[in-house]
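**Student:** After the structure tokens below, expect a handful of questions from me.
The values are calculated or read from the model by the stated rules, or taken from the named source; none is laboratory data. This one's a predicted model, so the numbers in the text were calculated from it and none came from an experiment. Cβ placement follows ideal geometry from the backbone for every residue including glycine, while neighbour counts extend to all protein chains displayed.
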Amino acid sequence: MLDLTEIVRDTEAVRAALVRRGESEPPVDRIVDLDVDRRRLIAQADQDRATRNAVSKRIGDEKRKPTEDEIAQMRETNDRIKTAEQQLDEIQSEISALILPLPNLPLDDVPDGLDDAANVVLETFGEEIEIPGAQAHWDLAPALGILDLEAGASISGARFYVLRGKGARLSRALSAWMLDTHSNENGYTEIEPPLLVRGETMTGSGNLPKFKDNLYRDDESDLWLVPTAEVALNGLHQGQIIEPGRLPLKYVAHTPSFRKEHTAAGRDVRGIKRVHQFEKVEMFRFVEPGESERHLEEMLAEARLLCERLELSYRVVKLCAGDIGFQSAKTFDIEVWAPGSGEWLEVSSISTCTDFQARRNNTRYRPAAGEQARLPHTLNGSGLALPRIWIAVIENGQQADGSVVIPEVLRPYTGFDVIEPAG
């Protein structure tokens, strides 16, 4: 959530930043006007409370009963305070309703642009490998007997799939290997969070109210299925003050993710690149504000190393202001080359969210004993996302005889070196 104080203090700068995000008419003027009324009512109520306290004190000091005029004055004062408090609640509700749907402000070094055409490729590791006769995963994997698109559609409908045999084991191996790498080498604490979360938790991460129509919800319990583990990890300390010396906090989780994908209608309709249920290993950090840029670079390096160990060509893309996620202030995507599909597949988005999420769910930290609590910065990133990294492994490992060779780093986890054609 944006800072009301910043909106009021730097109105034009906030407006310009939101326009960079694609918000053509951000309601900053209305928010500022409401804040003027809010401050006026607070001052009025404080003055009336001071008057009421002074009269009560005088009566107490004089050890007497209040006069009729004093009783009438106190009643009028109480009525004004009650009216002011009611008006304050209404104003605060309207301010919140206007601010909550507004995205985070992009950092200054985020490229201008409103869609992915303005994104900047910073670096490419490896080449766009060409494999003679390469097949896309939607042809290759079913022939191997490891992907069943028809069964997924029969069970659940479009944009669902079933992994079979070594395909399922490869997916499990990827997740286990990534979790072990993050936990054993990168210092993350592994978390197994709930997959259903309260609305407040979804709001705290930035998914509500903006993306309500793209989320799955249980109407009876009013719980929401997570679209990413980021939601639950961000909620680990909601409403809490993190004690001195604990930052940075680094968490990693492997969960399913559930998304309706309304905004992706007509895109990536072949194969399993864009589905309603997928898995992801998610990295998440709570850090001190002055350290967030360094942590962003660290997380980017961690995701890149995974791609290198999988022997995949990849590129790093810096997203423009209009293409970064709602809660993000800056994002780097990592895309891996899939020679069968003939395209770059996004397998990770590494983002810094500054204090946007912490403000939404009231997560604070205390820098030192006795110091005032402050808002930490949060960062998140896929490390990495399935099934796209599964697709890349399959398509890059395909051989002339139709088999798929497994990257060496995964073999202790899969228990096999190659996937042979079915039959």
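**Student:** Do any helices (runs of 4 or more DSSP H) lying entirely in the stretch 1-100 carry at least 1 residues that are within 30 Å of Cys320 (Cβ to Cβ) and in contact with a Lys or Arg (Cβ under 8 Å, 6 or more places away or on another chain), and which ones are they?
**Tutor:** Working: elements: 4-9, 11-20, 28-62, 68-99.
Filter on the stretch 1-100 gives 28-62, 68-99.
**Student:** For the stretch 216-229, enumerate the residues that are surrounded by 15 or more Cβ atoms within 10 Å (Cβ to Cβ) and touching a helix residue (DSSP H, G or I) at 6+ places or on another chain (Cβ under 7 Å).
**Tutor:** Selection gives Trp224, Val226.
This table checks each residue for (1) basic (Lys, Arg); (2) modelled with pLDDT under 95; (3) farther than 28 Å from Gly402 by Cβ.
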{"site": "Gln87", "(1), (2), (3)": "no, no, yes"}
{"site": "Asp109", "(1), (2), (3)": "no, no, yes"}
{"site": "Leu114", "(1), (2), (3)": "no, no, yes"}
{"site": "Gly126", "(1), (2), (3)": "no, no, no"}
{"site": "Gln135", "(1), (2), (3)": "no, no, no"}
{"site": "Ala141", "(1), (2), (3)": "no, no, no"}
{"site": "Leu144", "(1), (2), (3)": "no, no, no"}
{"site": "Leu149", "(1), (2), (3)": "no, no, no"}
{"site": "Arg159", "(1), (2), (3)": "yes, yes, no"}
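**Student:** Answer yes or no as to whether Glu288 is among the acidic types (Asp, Glu) and either closer than 30 Å to Val418 by Cα or at pLDDT below 95 (or both). Quick ask: steps written out before the conclusion?
**Tutor:** Values: among the acidic types (Asp, Glu): yes; either closer than 30 Å to Val418 by Cα or at pLDDT below 95 (or both): no.
So Glu288 does not fit the description; no.
**Student:** What helices (runs of 4 or more DSSP H) completely inside the stretch 130-242 contain at least 2 residues that are basic (Lys, Arg) and under 30 Å from Glu308 (Cβ atoms)?
**Tutor:** Counting at least 2 such residues, we get 165-180.
**Student:** Within the stretch 366-388, count every residue that is crowded, with 24+ Cβ neighbours inside 10 Å and farther than 30 Å from Ser171 by Cβ.
**Tutor:** 2
**Student:** Name, by its number, the condition in (1) buried (at least 24 other Cβ atoms within 10 Å of the Cβ); (2) farther than 25 Å from Val275 by Cβ that does not hold for Glu298.
**Tutor:** Result: Glu298 passes all but (1).
**Student:** Moving to a separate point now. Condition first: part of a helix (DSSP H, G or I) and within 18 Å of Glu293 (Cα to Cα). Now tell me which residues in the stretch 346-371 satisfy that.
**Tutor:** Passing the criteria: Phe356, Gln357, Ala358.
**Student:** Among the listed residues Leu225, Leu296, Leu233, which satisfies the condition of being aliphatic (A, V, I, L, M) and without any contact (Cβ under 8 Å) to a residue 60 or more places away in the chain? First the steps, then the outcome.
**Tutor:** Working: Leu296 fails: without any contact (Cβ under 8 Å) to a residue 60 or more places away in the chain; Leu233 fails: without any contact (Cβ under 8 Å) to a residue 60 or more places away in the chain.
Leu225 is the lone residue from the list that is aliphatic (A, V, I, L, M) and without any contact (Cβ under 8 Å) to a residue 60 or more places away in the chain.
**Student:** Does the stretch 27-44 contain at least one residue that is surrounded by 15 or more Cβ atoms within 10 Å (Cβ to Cβ), modelled with pLDDT under 90 and of a type in the set (S, T, N, Q)?
**Tutor:** For the stretch 27-44, residues surrounded by 15 or more Cβ atoms within 10 Å (Cβ to Cβ), modelled with pLDDT under 90 and of a type in the set (S, T, N, Q): absent.
**Student:** Only one of (1) under 19 Å from the mean Cα position of the chain (by Cα); (2) of a type in the set (Gly, Ala, Ser); (3) more than 30 Å from Glu127 (Cβ to Cβ) is not met by Ser221, so which one is it?
**Tutor:** Only one criterion in (1) under 19 Å from the mean Cα position of the chain (by Cα); (2) of a type in the set (Gly, Ala, Ser); (3) more than 30 Å from Glu127 (Cβ to Cβ) is unmet by Ser221, namely (1).
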